[in-house]
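The values are calculated or read from the model by the stated rules, or taken from the named source; none is laboratory data. Since the structure is predicted, the reported quantities are computational estimates derived from the model, not experimental observations. Methodologically, a virtual Cβ is constructed for each residue, glycine included, from the backbone with ideal geometry; neighbour enumeration extends over all protein chains shown.
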Amino acid sequence: MKKVLYVASEAVPFIKTGGLADVVGSLPKCFPKEYFDVRVIIPKYACMKQEFKDQLHYITNFYMDLNWRQQYVGIFELEYEGIKFYFIDNEEHFSGDKPYYGMPGDLEKFAFFSKAALSILPVIDFRPDIIHCHDWQTGLIPVYLKERFQGSDFYRGIKSVMTIHNLKFQGVWDIKTVKSITGLSDYFFTPDKLEANKDANYLKGGLVYADAITTVSNTYAEEIKTPFYGEGLDGLMQARSNSLRGIVNGIDYDEYNPETDSMIVKNYNAKTFRKEKVKNKTALQEELGLEVNPKAMMLGVVSRLTDQKGFDLIAYMMDELCQDAIQLVVLGTGEEKYENMFRHFAWKYDKKVSANIYYSEAMSHKIYAAADAFLMPSLFEPCGLSQLMSLRYGTVPIVRETGGLKDTVQPYNEFEGNGTGFSFTNYNAHEMLNTIRYAERVYYDRKREWNKIVDRGMAQDYSWKNSAKQYEEMYTWLAGY
Ligand code: ADP
Ligand code: GLC
């Protein structure tokens, strides 16, 4: 039996700001129980959903030495869908109405969390073979593990994996402050360890000290070795390329299933979508005050509204796009300039554009089910889950060929009669608009062809099945048996 511990800053269904939570909440369930005991540690945020907070069991507490003082570490536990989740409690670090507040507070919070995650292991009597860390928030774990913990028998030989979900976020601050927060000595703050461009960098620490590194698609694994995508760490990614591999994300096929989804108006599957899917569209048109017209092509967007996702291209083309026979439904929150941009166009073209500037799982499912096409012109995209959800719901992705978008959406080729979506190469607003217009022409003029694109999309398998196998192989190899 191999024991694997996931440590991350978010996980569904407890707390989610993006795709990281989907991955950490759904992947652990996908390993065969007879060979793998996979458990998860996340913070016990005050802003976690109340229904889950009510279900947690208190285990114990102790005091841990960090940042020149003794800090309280409470441990809670909940078994959810067969997986043991542990929640680290400390009201000073995890209060507030959102998980992240920016630097330098978050650096203190996640130094505490990382050290606490290691410290509780003997207390909960779980000695993992592998600790699987996710993103910068857990970057100090491989560092602490090698530096402090592996001196004692309990921790000796534990291996660590660092998964990059987004290289843009690294946890960076000046060395002096980070030294005092983490309690790490001068030895660690050199360019071959935690230092990058004269600053201290949590993720870099994780990438230097982890036994293996993964990221969430093959293309992104290649891209981050180049200056454009490497966010200053491309040299390190090249240096560690033997330990770096891409494993594409999956999604939870039970949670995202148009046949059983209780959040959508009309269920459907790969056989019935031609007749039934459109009922979700007209219901949503009615709900959002758009023109109710089953024939109008609806484009969906569900996203964090940030530069990463290509919203400057959309902003640039909005007026022109709105001259076409399309409807656009947006669900998202993020940068104010994009929130206001969509509000503005929803006011200007009120029967065609709907701006839903909030977070709602139910609304996201309705959009995946209702839209004809899903727009995701990202500047960079480590993997992307929204396009996988779209494929599953028979909603044709229109994407830029980067990262996981390139690996999971095959461009439609009208001559060969293959492909699952539409894509363009360059980060260019006109290229995007041309691609959307090409999709419009296929949608309106060659509906049978369109439906075959949907057929092929819905026949793809982006459940965790294949990718979980690749993680299994890696864990087995790392554990040395
Ligand atoms: P990222 O992690 O970069 O934000 P992903 O495509 O990997 O992008 O994952 C985004 C996840 O967050 C998807 O599950 C998507 O449905 C969800 N999501 C994003 N914005 C919202 C929102 N406003 N309401 C509900 N779900 C959202
Ligand atoms: C990050 C990336 C996204 C990826 C997600 C889960 O948030 O931006 O592309 O799908 O992590 O790995």
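Go through region 184-194 and give me each residue that's buried (at least 17 other Cβ atoms within 10 Å of the Cβ) and either farther than 16 Å from residue 111 by Cα or outside the structural domain of residue 104 (by TED's automatic domain parsing) (or both).
193
Residues in region 124-170 that are within 16 Å of ligand 1 (Cβ to nearest atom), among the hydrophobic types (A, V, I, L, M, F, W, C) and surrounded by fewer than 23 Cβ atoms within 10 Å (Cβ to Cβ): 169 only.
So that you can scan it fast, the table gives a plain yes or no per residue for (1) at negative phi; (2) among the small types (Gly, Ala, Ser); (3) within 16 Å of ligand 1 (Cβ to nearest atom); (4) in the same structural domain as residue 127 (by TED's automatic domain parsing):
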{"residue": "9", "(1), (2), (3), (4)": "yes, yes, yes, yes"}
{"residue": "14", "(1), (2), (3), (4)": "yes, no, yes, yes"}
{"residue": "34", "(1), (2), (3), (4)": "yes, no, no, yes"}
{"residue": "41", "(1), (2), (3), (4)": "yes, no, no, yes"}
{"residue": "47", "(1), (2), (3), (4)": "yes, no, yes, yes"}
{"residue": "58", "(1), (2), (3), (4)": "yes, no, no, yes"}
{"residue": "72", "(1), (2), (3), (4)": "yes, no, no, yes"}
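For region 331-377, name all the residues that are assigned to a helix (DSSP H, G or I) and hydroxyl-bearing (Ser, Thr, Tyr). The answer is 338, 364, 368.
Screening residue 198 with (1) farther than 19 Å from residue 112 by Cα; (2) within 16 Å of ligand 1 (Cβ to nearest atom) gives one miss only, at (2). Scan region 153-203 for residues that are closer than 30 Å to residue 129 by Cβ, among the basic types (Lys, Arg) and not in a loop (DSSP other than H, G, I, E, B) and the total you get is 1.
Screening 138, 182 for residues that are within 16 Å of ligand 2 (Cβ to nearest atom), under 30 Å from residue 227 (Cβ atoms) and of a type in the set (Ser, Thr, Tyr) leaves exactly one candidate, 138. Only helices (runs of 4 or more DSSP H) whose full extent lies in region 204-268 are considered here, and the ones with at least 3 residues that are more than 16 Å from ligand 2 (Cβ to nearest atom), touching a helix residue (DSSP H, G or I) at 6+ places or on another chain (Cβ under 9 Å) and not hydroxyl-bearing (Ser, Thr, Tyr) are 234-239.
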